[in-house]
Structures are given as C-alpha cells and as structure tokens.
Amino acid sequence: MSDMQRYHVLDRAPFNLASYLLRWESILVMLLVAVIVINTAISPYFLDIYNLSDATFNFSEKAIIALAMALLIITREIDLSVAANIAVCSLVMGLLSQMGFGTPILVFAGLAVGATAGAVNGALVTKFRLPSIVVTIGTMSLFRGIAQVVLGDQALTKYPSALTSFGQGYIWPGVPIPNSFAIFLILACIFAFVLHRTVIGRQIFAIGHNPTAARFSGIKVENTRFWLFVMTGLMAGLAAVLLTGRIGSTRPNIALGWELEIVTMVILGGISIAGGTGTILGLVLSVFILGLTIFGLSLVNIPGIEIAILIGLLLIISIAIPIMTAKWRGRT
Amino acid sequence: MKALAKNREVLLAVIVAAIVLAVGIRAPVFLTGASLVNVITDTCFLFMLTLAQMAIILTRGIDLSLAANLALTGMAVALVSRAMPGVPLGLIILLAIVIGAALGSVNGALVAFVGIPPIVVTLGTLAIFRGLIFLLAGGEWLTSKDMSEAFLSFPHANLLGVPSLIWIAGLVIAAYWILYRQTQFGRGLYAIGGNPTAARYCGINIPRQQFIVYTIAGAVAGLCGYLWVARYGIAFVDNAQGYELTIIAACVIGGVSIAGGIGTVSGALLGALFLGVIVNALPVINVSPFWQMLISGFVILAAVIVNARSERPIGKLILASARKLERKA
C-alpha cells in the first residue's frame, strides 16, 4: 500500500490563494471593476441601465465573432478576413433585398455566404497546408475587393423593416437588453460549454498544445481546423445580419478594421496567440473591459482615436506583466 | 530552361514583364519612359518597406505598425517644418530617421527583451501610433501650404535625370542587399528564422538581432514617412491606412516565407513591383481602381499556394496507408 502512496497523483493542484488570484481571469475581473469604478467617478451618466444597454450595440457584433476566433486562435490559426467577410455577406443581403426578397431569405443568405467564405479559408489552410495569416490577408483583400467592385462608391440602403427592427431592437418591449447582446450571451454560454466541457473542446486544446501529438492520438487536426474556419465565417455572417440591420445600409467599407479589434479582444482575454490556452470567461471579461472603457471615455467626449492609444497600451501591458513576473520569479 | 522556369524570381519577373507589355498593347502610353519612371517612383515606398518587413519576417516576426510609424513620423516632421520653416532639409530627414528608429526600437525591445509575440506587440503599437498622430496634431490635417518649399520639393527633385526618391530607394535597397548577402548579421537573420535553437547554439545573439532589425525597419519607415508626406503634400491621421498589409502582401508575393528563414532581396523587390505595376496599370487601361483589391487578393493567394506548398511539417507518418492518404491530399 505504501507504494500506492508514492505514486499517488492528485486530480488537481491543492487550493492556493496566490495562484488563484494571479489567474488571468482574476486579473481581468479586477481590471473590469477598476474600469467601472473609474468610469462611474468621471461621469454621472455611466451607471445608467439604458445607457449601458445601448453601449452593448457597439461591441456585441464584434464579440460574437471573437468567440469563434478564440477557438481558432487556440488551435494556432487566425482569421484576418472576418471584417471583409462581413462586407461580402452584407453585399449579398443588400442585392437580394433590392430584388425584393424577404427577411428570412436575407438572414439565411447572410449566414450561408459567411460560412462559405469561412470554408474557402479553411480549405486553403488545411488542404494546401498554407499559413492562415497569409491566406486570410489574401482572402481579406479578395472579399473586400468583391464588395468594392460590385458597389463602387454606391451604397445599398433598401432593407425590409423586419431586418432593421431586429438589428436595432430589444428582446422584449421595455426590457433594456438588445437582441445582439442577448445573442452574444447565449452563444458565449454555448461556446464555453463546448470548449470546457466536451471532448471537442479538449481536442481543440490538444491541437493548440501540440498538433503533431494531437494527430498521433487520433484527433482529426485538419478537419477540426477546417470546421473552426467555417464556424468563424458563420459568426461573421451572423454579425453581418445584425450589423446590416442595425445601420440599415451596406457600403464597401462596412466593418473596416474590425479584424484587428476582434483579435485584440481575444488576446486581452488571455487566449495565447501561440495556441493551446485560454478560456471563454476570459474572453467575455475582456469584451466587457474594452466595451465599457470605450463607452465610458466617449461619454466624457474623449475621441475614439485617443481611446485607441489606451487600448493599445492595455493590450501590450497586460501581456507584458505576466511574462515579466514569470521571468522575475524564475530568477529568484 | 526548365530550371529557369522553376526559379521563383525569374517566373515573377516574366509575369511582371508580361503584364507591363499587355497593358502597353492596350495603351501604348504606359510604355513611354516617363510613365515607367513614374511607376517605379510610385513603388519606391513599397520597395523600401518590403525589404524592412522582410528582415523581420525572416526572424519569424511580423511588424503591423510600419504604416502607422510612417504616418506618425511624417506628421511629426511636418509639424516641425510648420513651426520652424527655416530648419535645413538634412536635419528634417535625420529627424525622421531618428523618430522612426525610436518607434521601431519600442517594438524591438518588447519583442526581443520582454518576449511578447511580435503580432501582439505591433497590433498594440499600431493603435498607439495612430492615436499619437491625433494627439500630436490635435486632429488637424497638415497640407502643402503648412510645409516649407524645400520640404516639399525634395522628393520631386531630379539628380542626373532620375527623381531623388529613386536614388534614396536605391541606396536603401543596396544597403539591405549588402546586409542580407554580405554580412554575418544578415546571414544570422536567416539562421534565426530557419532554426532558432540551432542559431542560438551557433552563438547568435537572437534578442540583440531582433532588436536591431525592428529598429532599422522603424528607421526606414520614418524615412518613408517624411518622403510620403512631402511627395503627397498631406499629413493626417489615416495617412497610409492599411498599407501595413500591402507591405506584407508584397513580401508574400515575392516568396518570403511567413514561417521565417526564406526570402531574397530580388524576390521581395519583384513582389513590390508587381503590386506597383497593378496599381498604376489599372487606370491606364480604364479599369476602375476598385478592382485593385480583388486582383491583389487573387495574386496573394496564388503566390502563397505556389510558394509554400509543403512548409508545414506534420510529423512522421509511420503507416504506409497513412502515407498514401497524405499523398492524395
């Protein structure tokens, strides 16, 4: 029996307050609290339920894409074409709407185009074994180019009222929760469940940690990556449906530059760009931190471009601190 | 002949020449000396920045902040020129190089000494640099009437019948060629990208090399910042917006491997020239400039498929049946 003792391995590490507090998510919670406290202090309009609910409009669509992007980055891939994908989805919806098709067809078309564009990325990356950062810079140019060639300097603005009222609407009259925000919350729960509680989720982490080992243990590495690209495309399509409905128009430059904002959300959420680690909780916290920072600072009339400095600093500092502390600990 | 066709640079050169000729047949004006010089002059920025980016990509890095660095430095020197119109041009150019290098060294320090992934660092500094332009100028646009005569005329000046922009680009290209081909430092960049562990065992100081490479790239971006503002006569927050991806596209088309360790000066230059020719040829043959993005998208994908077929190792396949499957795929 004493031999058993020697090889006894604990299921999980013993509880340790310091390591618990130093977890990325705990740091994000503290950061979020700080953001809320500071914003409440500088503006009396910040802690207003209706203002806050309107603020969610500005980040929900990006956050929906960030959920899928997080899984992709965990498997060591990236998709920089998501914003351009939105442009193509919105373009197809706009053209169909001009022909007089109704909202259900438009929604279906937006989702289908998004998933197809994602499948193009996935096929190029997995079938040809190409680096995803280059492929998606290429398809970004390609998708955005399609929208530019078709639209030129025109805009499509004729959309059925059902679509616009869905994009601008709330889940229930009088309840201050926008549709897009509700969709984000539901999807966040689904993604969290799949990533942290199912076999697929464990396989995604395994691929990110070591693709070769994952392959040898029987995980269909390229297959999983392909479907994650399709999923990311599908989420871009969903974001396109919501965004097109919300602003009621399609221009070639719709959602320009979103890809970098979405990647920032994911990285700040503690999902390592090197793959293999991260949680959906971290991502959701980072979405709130970024969304509330931008909303709070714009309440006190700080221009968006200056907020960008803060976001950039936040991104670099928040990634640098854990690396520095780990180095410092290693030395002592 | 077959070996020649297999050579990536030769193939790319033939394609570029074919495009130039095809456009020339449709619109003979494109083939005149003045028009071709104009194409080259227009592409000078891309030549310099592509070589700067290539040095970084060789070490398995990436710099998304080059265009933002260019815009910030350009704005800074334009403000100096407005405040002190008498400052000699040489000092302005030196200032641009120093500011650019300082901005690049921030990237370099964070990548090399702190150890943050390059894409994260430069994504952050991209946003910070753009924001700083706004802070610096208070949201103002500086146009040619804010800049001194000497400041504006330099990029348009001719020396021995060749625009000064081409001379400067030529110097930068020559410097990079010597760096890559003739110096231990340059060969070290290939070694780092090819196999970092081996490079370290060979005694290459990887952080030091990385830091220098990002700093030099920043200096080149700063130099381009002055030239850009002076040539186009405008400095504003969104100057050269999105150009960072054009630079990377030129690298990819030129056969620089994003996985590091592979790339040649001639390839990178041809990649840049390709994009430059497309941009300049479309209006000549009456194709709407809106086609530009679509075409470069196709070309990037084609180039990456041709170049990078088997770069990603997937581990040794033991079973014969698995190997057969792999061949089919």
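Where a number appears in this text, it was derived from the coordinates with a stated rule and is not lab data. For clarity, every value in this text was computed on a predicted model and none was experimentally measured. Cβ coordinates were reconstructed from backbone atoms using ideal geometry, including for glycine residues, and neighbour counts include every protein chain displayed.
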### Task
About the Cα centre of region B:2-309, how large is the charge dipole given +1 on each Lys and Arg Cβ and -1 on each Asp and Glu Cβ? Please answer in debye to the nearest 20.
840 debye
### Sparse-neighbour loop sites [trypsin sites (Lys or Arg not before Pro); region A:137-228; at most 14 other C-beta within 10 Å; DSSP]
A:K158, A:K220
### Message
Using a Gaussian network model on chain A with a 10 Å cutoff between Cα atoms, which of A:G167, A:G218, A:G312 fluctuates the most?
### Response
A:G218
### Message
Suppose every Lys and Arg Cβ carries +1 and every Asp and Glu Cβ carries -1, with no other charges. What dipole size does the protein assembly as shown come out with about its Cα centre, to the nearest 20 debye?
### Response
2280 debye
### Summary
Computed for region A:45-314: size of charge dipole around the Cα centre, +1 on C-beta of each Lys and Arg, -1 on C-beta of each Asp and Glu, debye to nearest 20, value 780 debye
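Going by how many other Cβ atoms sit within 10 Å of their own, how do A:D48, B:D63 line up, fewest first?
Numbers: A:D48 14, B:D63 32.
Arranged by neighbour count, lowest to highest, A:D48, B:D63 become A:D48, B:D63.
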## Note on the structure
Taking Cα atoms, the helix B:89-109 axis meets the longest principal axis of chain B at an angle in degrees (rounded to 10) of 40 degrees
### Message
If you take each beta carbon of peptide B:286-295 and count the beta carbons of other chains within 10 angstrom, what is the mean?
### Response
5
### Task
Just check region B:77-179 against the gyration tensor rule for me: Cα atoms, a ≥ b ≥ c as the square roots of the eigenvalues, rounded for a/c under 1.5, and otherwise prolate or oblate depending on whether a/b exceeds b/c.
oblate
### Query
Taking Rh as the Kirkwood radius computed over C-alpha pairs, what is the Stokes-Einstein D of region A:145-208 at 10 °C in a medium of viscosity 1.306 mPa s, expressed in µm² per second?
103 µm²/s
### Message
Return the Rg/Rh ratio of region A:227-332 with Cα-based radii and a Kirkwood Rh.
### Response
1.04
## Note on the structure
Per-residue ellipticity at 222 nm attributable to helices in chain B (runs of n ≥ 4 DSSP H, -39500 (n - 2.57) apiece, nearest 500 deg cm²/dmol) works out to -23500 deg cm²/dmol
### Query
Can you give the angle from 0 to 90° between the axis of helix A:103-127 and the longest principal axis of chain A, with both taken from C-alpha atoms, to the nearest 10?
50 degrees
### Query
Which angle between 0 and 90 degrees, to the nearest 10, do you get for helix B:243-253 versus the longest principal axis of chain B when only C-alpha atoms count?
40 degrees
### Task
With a point put 7 Å past each Cα toward its Cβ, work out how far B:R8 is from A:A326 in nm, to one decimal.
3.2 nm
### Task
Please compute the Cα-Cα pair-distance distribution of region A:230-270 with 10 Å bins starting at 0, giving whole percents from short to long.
25, 50, 23, 2
### Distance between modelled label sites at B:A27 and A:Y45, nm, 7 Å Cα→Cβ extension
5.0 nm
### Message
Rounded to whole Å, give me the distance from the Cα center of region A:296-316 to that of region B:1-63.
### Response
40 Å
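Only Cα pairs under 8 Å and at least 6 apart count here; give the relative contact order of region B:2-309 as a rounded whole percent.
About 34 percent, as a whole number.
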### Query
When only alpha-carbon atoms count, how far does the protein assembly as shown stretch along each of its three principal axes, as whole angstroms with the largest first?
86, 64, 52
### Query
How do B:S153, B:S266, A:S81, A:S318 rank when sorted from fewest to most other Cβ atoms within 10 Å of their own Cβ?
B:S153, B:S266, A:S318, A:S81
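For chain A, what percent of Cα pairs sit more than 36 Å apart?
Result: 23 percent of Cα pairs exceed 36 Å.
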### Summary
Given Cβ charges of +1 for Lys and Arg and -1 for Asp and Glu, the option among A:V263, A:G110, A:A41 whose Cα lies farthest towards the positive end of the dipole of chain A is A:V263
### Summary
Ordered by fewest other Cβ atoms within 10 Å, a rough proxy for footprinting exposure, B:V279, A:V125 read B:V279, A:V125
### Query
Over chain B, how many percent of alpha carbon pairs lie in each 20 Å bin up to the one with the longest distance?
30, 56, 13, 1
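If the convex hull of the alpha-carbon atoms of region B:123-243 is projected onto planes in all directions, what is the mean projected area in square nanometres?
Details: hull surface 39.5 nm².
For the Cα atoms of region B:123-243, the hull's average projected area reads 9.9 nm².
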